[in-house]
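Here's the structure, in structure tokens; my notes come after.
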Amino acid sequence: LPQAKYKERGTVLAEDQLAQMSKQLDMFKTNLEEFASKHKQEIRKNPEFRVQFQDMCATIGVDPLASGKGFWSEMLGVGDFYYELGVQIIEVCLALKHRNGGLITLEELHQQVLKGRGKFAQDVSQDDLLRAIKKLKVLGNGFGIIPVGGTFLIQSVPAELNMDHTVVLQLAEKKGFVTVSEIRASLKWEPERAKQVLEHLLKEGMAWLDTQAPGEAQYWLPALFTELYSQEITPEEAKEAIP
Amino acid sequence: MDRFSWTTGLLELGETLVVQQRGVRLSDGEEKVKFDSGVLLLSTHRLIWRDQKNHECCIAVPLSQIVFIEEQAAGIGKSAKIVVHLHPASSNKDPGPFQSSKYSYIKLSFKEHGQIEFYRRLSEEITQRRWENMPTGQAMQVNKDSQAGRIRAVGIVGIERKLEEKRKETDKNISEAFEDLSKLMEKAKEMVELSKSIANKIKEKQGDITEDETIRFKSYLLSMGIANPVTRETYGSGTQYHMQLAKQLAGILQTPLEERGGIMSLTEVYCLVNRARGLELLSPEDLVNACKMLESLKLPLRLRIFDSGVMVIELQSHNEEEMVASALETVSEKGSLTADEFAKLVGMSVLLAKERLLLAEKMGHLCRDDSVEGLRFYPNLFLTQS
């Protein structure tokens, strides 16, 4: 009998707290509605404010983009903004994959996404793209963000890229290509290790081999040199992108 | 526009590219000029504009010539703009497209967007004045007038004053927004603390909490965007919302799956579903959490995760292992196939084609030839011709 009493007590405690949470949730919803009525536009129009907002949420342990059903998404409209951006990012990456093996600079992705959104759509910043991409990772398609030389390469295929591959990509970022000698000089690797990494990038279609280069063979990253020319996505490529 | 000089567009030693944007039109003050469609490049030293059709037509102005910049928001039928106010041209300036101009400012129209990012970077460069620390070659024009003791053209002082007022007003709005945001975050923080405390209670009770209470708790967490602090394994996955979503998905995806041979990658599903919705889109996590419940709800679809991490939705009636048998036939007919070739032949996405071939390999039906020319699959003769 004493045990049953303890059990009861335990149940009551949780029920109390849940009831309290339910009440506080309702209050919070009201606060958020008020905030939205005053500042919803600010979030839509001001990328710096979006960054501040996201950072604050992260600090307190809240993810405003976790679910379309969350208050943040419903009331501030942040969800639709980023989830739609996610769709646009996927489509650009799919369309260009055969050209760059599934690696693209953040700059080029940004340009192509802006083009796709059209004249009357709201502008997006590179920070917005990065946040949308971080959310896409959970879909298992291999989305990843690789820091190189002050910017980022966006990976959109499930190819395995470990630290060795990443550091070679960073080395190649300066000129758009890299050679075995440069890898050996900068990273002090044995030639076998350098060759293995480069071959993996070749196999994945992320690097192209130029054996005609003066001196020794050069390994070019199409992700890096196409950025300068920002070529249009062809109709065939666009078809590939939309399911 | 008389501050610009012709240039090759090549960067000097010590000069780095910061950002570039296509589809930019230049205007001389309020007047349109022939520089209608070009790539605008920002370097540490200059603003460079190159005609998109005629790459030889390339002009630049040093950043040191800039007095200040303002933004003009987009309107109906109008692109967003940046207005750049400039010092008068110095006497030793290199020749450019215009000898004189009645305006002391130019406008950059961003016909293909990119104005926000460009404005941010341009502001940074003007503030940091990196060109002062990085001297470049003779071809660069250094405007000594911009150093101490600026020469102010008539009218600029008045404009600067207005800009200062506008900045103060904007600052006030921003600070109010930040203040409200901080207050809101304090309240959100309380919610997080409360949820942790409840989660601890649940852990202590170890299973004495009712299912109803669990479901309520999870839906509260979902609303706030707080990660579930209690392990999912013990208490089941997802919430009511995800259960409903799973059922909806089963309805929406039946036909598209049949049209695509019974299998689709999760990214395809994400795009398909959200494009159809238009509003109130699903987050990637919503989709994954709903799909994880398909099997337990006995719906006619299921989630499958390949070794590579690729996630797909399959019809229950779909049997990937059977598809492997037909894949083997196709590969045998052709002798050998890469994932790209197989995808084109069969009409599948390359991603799923590769997964099928990898599965066939795992099951021992195919062998790989992994060279720098690509990954090619052959029928496994070791197995069949022993």
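The values are calculated or read from the model by the stated rules, or taken from the named source; none is laboratory data. From a predicted model like this one, the values you see are computed outputs, not experimental measurements. Quick reminder, even Gly has a Cβ in these numbers, built from the backbone with ideal geometry, and neighbours come from all protein chains shown. Surface areas here come from the heavy atoms of the whole protein model, side chains and all, with no ligands, DNA or RNA. Shrake-Rupley method; radii C 1.70, N 1.55, O 1.52, S 1.80 Å.
For a quick check of your reading of the filter: which trypsin sites (Lys or Arg not before Pro) in region A:108-183 sit in a DSSP loop and have no more than 15 other Cβ atoms within 10 Å?
Answer in residue order: A:119, A:174, A:175.
Can you work out ³J(HN,Hα) from phi for every residue in region B:46-58, in order, using Karplus 6.51 cos²θ - 1.76 cosθ + 1.60 and θ = phi - 60°, giving whole Hz and x for Gly and Pro?
Per residue, the Karplus-derived 3J(HN,Hα) values read 9, 10, 10, 10, 10, 4, 5, 8, 10, 5, 6, 7, 9 Hz.
Taking each residue of B:186-198 in turn, how many C-beta atoms of other protein chains fall within 10 Å of its C-beta, and what is the average?
Per-residue shielding by partner chains comes out at 5.
Express in nm, to one decimal, how much length is gained between residue B:32 and residue B:240 on full extension, taking 0.36 nm for each residue of separation and deducting their alpha carbon distance.
Stretched out fully, the residue B:32 to residue B:240 stretch lengthens by 69.0 nm.
Give me a single rounded figure for B:109-121: the average over its residues of other chain Cβ atoms within 10 Å of their Cβ.
That average works out to 4.
Hey, which lysines would be in cross-link range of residue A:23, C-alpha to C-alpha under 20 Å, not counting anything within fewer than 8 residues on its own chain?
Within the straight-line cut-off, residue A:23 pairs with A:69, B:183, B:187, B:189, B:196, B:201, B:218.
Near the amide H of residue B:367, under 5 Å away, which other amide H atoms are found, from residues 5 or more places off or on another chain, if H is placed in the peptide plane?
When sequence neighbours closer than 5 places are left aside, the close amide H contacts are B:378, B:380.
What FRET efficiency comes out for the pair residue B:317/residue B:120, r = Cβ-Cβ distance, R0 = 56 Å, nearest 0.05?
Given R0 = 56 Å and the Cβ-Cβ separation, E is 0.60.
Take the Cβ-Cβ distance between residue A:181 and residue B:325 as r, set R0 to 51 Å, and report the resulting FRET efficiency rounded to the nearest 0.05.
For R0 = 51 Å, the calculated efficiency reads 0.60.
Which one of B:199, B:325, B:246 has the biggest mean-square fluctuation once chain B is modelled by GNM with Cα springs under 10 Å?
In the Gaussian network model the winner is B:325.
Under the rule of -39500 (n - 2.57) per DSSP H run of 4 or more residues, summed and divided by the residues of chain A, what mean residue ellipticity at 222 nm is obtained, to the nearest 500 deg cm²/dmol?
Estimated from H runs of four or more residues: -19500 deg cm²/dmol.
Choose one of B:195, B:119, B:325: the residue whose Cα lies farthest towards the positive end of the charge dipole of chain B (beta-carbon charges +1 Lys, Arg; -1 Asp, Glu; about the Cα centre).
The one lying farthest along the dipole's positive direction is B:119.
Please give the net charge around residue B:8, taking every other residue with its beta carbon less than 14 angstrom from that of residue B:8, where Lys and Arg add +1 and Asp and Glu add -1.
Combined, the nearby Lys, Arg, Asp and Glu give -3.
In debye to the nearest 20, how big a dipole does region B:5-131 give about its Cα centre with +1 on each Lys and Arg Cβ and -1 on each Asp and Glu Cβ?
180
When the helix-only estimate is applied to chain B (DSSP H runs of n ≥ 4, each -39,500 (n - 2.57), divided by the residue count), what is the mean residue ellipticity at 222 nm, nearest 500 deg cm²/dmol?
Computed mean residue ellipticity for chain B: -13500 deg cm²/dmol.
If Lys and Arg each add +1 and Asp and Glu each add -1, what is the summed charge of the other residues whose beta carbon sits under 13 Å from the beta carbon of residue B:38?
+2
Within 10 Å of each Cβ in A:133-143, how many Cβ atoms from other chains are there, averaged over the peptide?
Neighbouring Cβ atoms belonging to other protein chains average 6 per residue here.
Between residue A:38 and residue B:164, with labels modelled 7 Å along Cα→Cβ, what's the label distance in nm to one decimal, could you check?
2.9
Between residue A:238 and residue B:94, what FRET efficiency comes out of the Förster formula 1/(1 + (r/R0)^6) with R0 = 41 Å and r the beta carbon distance, rounded to 0.05?
Computed FRET efficiency for residue B:94 and residue A:238: 0.45.
Ratio of Rg to Rh for region B:238-315, alpha carbon only, Kirkwood?
0.93
Only Cα pairs under 8 Å and at least 6 apart count here; give the relative contact order of chain B as a rounded whole percent.
Relative contact order of chain B: 10 percent.
Using a Gaussian network model of chain A with C-alpha springs under 10 Å, which one of A:214, A:147, A:64 is most mobile by mean-square fluctuation?
A:214
Restricting attention to region B:1-50, which trypsin sites (Lys or Arg not before Pro) occupy a DSSP loop and are surrounded by at most 12 other Cβ atoms within 10 Å?
Passing both the DSSP loop test and the Cβ count: B:34.
Hey, how many Å between the Cα centroid of region B:85-138 and the Cα centroid of region B:304-323?
Using only Cα atoms, the two centres lie 56 Å from each other.
What stretch of chain A, leaving out the sites themselves, is the longest with no GluC sites (Glu not before Pro) in a DSSP loop having at most 14 other Cβ atoms within 10 Å?
Between the exposed loop sites, the longest stretch runs A:1-159.
Would you mind checking region B:114-135 for residues with the amide N under 14 Å from a putative spin-label position 7 Å along Cα→C-beta of residue A:145?
Once the point is set 7 Å along Cα→Cβ of residue A:145, nothing inside region B:114-135 turns out to lie under 14 Å by backbone N.
Could you pull out the pairs from A:175/B:111; A:38/B:111; A:38/B:168 whose alpha carbons sit more than 23 Å apart here?
A:175/B:111; A:38/B:111
Whole number in Å², please: accessible area per residue of the protein assembly as shown, 1.4 Å probe, ligands, DNA and RNA not counted.
49
Could you work out the relative contact order of region B:238-315? I mean the mean sequence separation of Cα pairs under 8 Å and 6+ apart, divided by the number of residues, in percent.
40
Of all trypsin sites (Lys or Arg not before Pro) in region B:81-121, which ones are in loop regions per DSSP and have a Cβ with at most 10 other Cβ atoms within 10 Å?
Here the sparse-neighbourhood loop sites are B:102.
Once you charge only the Cβ atoms, +1 for Lys and Arg and -1 for Asp and Glu, what is the size of the charge dipole of chain B about its Cα centre, to the nearest 20 debye?
For this selection, approximately 1300 debye.
Quick check: net charge around residue B:97, other residues with Cβ under 14 Å of its Cβ, Lys/Arg +1 and Asp/Glu -1?
That works out to -2.
Evaluate the charge dipole of region A:84-224 about its Cα centre and quote only its size in Debye, nearest 20, assuming +1 on the Cβ of each Lys and Arg and -1 on the Cβ of each Asp and Glu.
220
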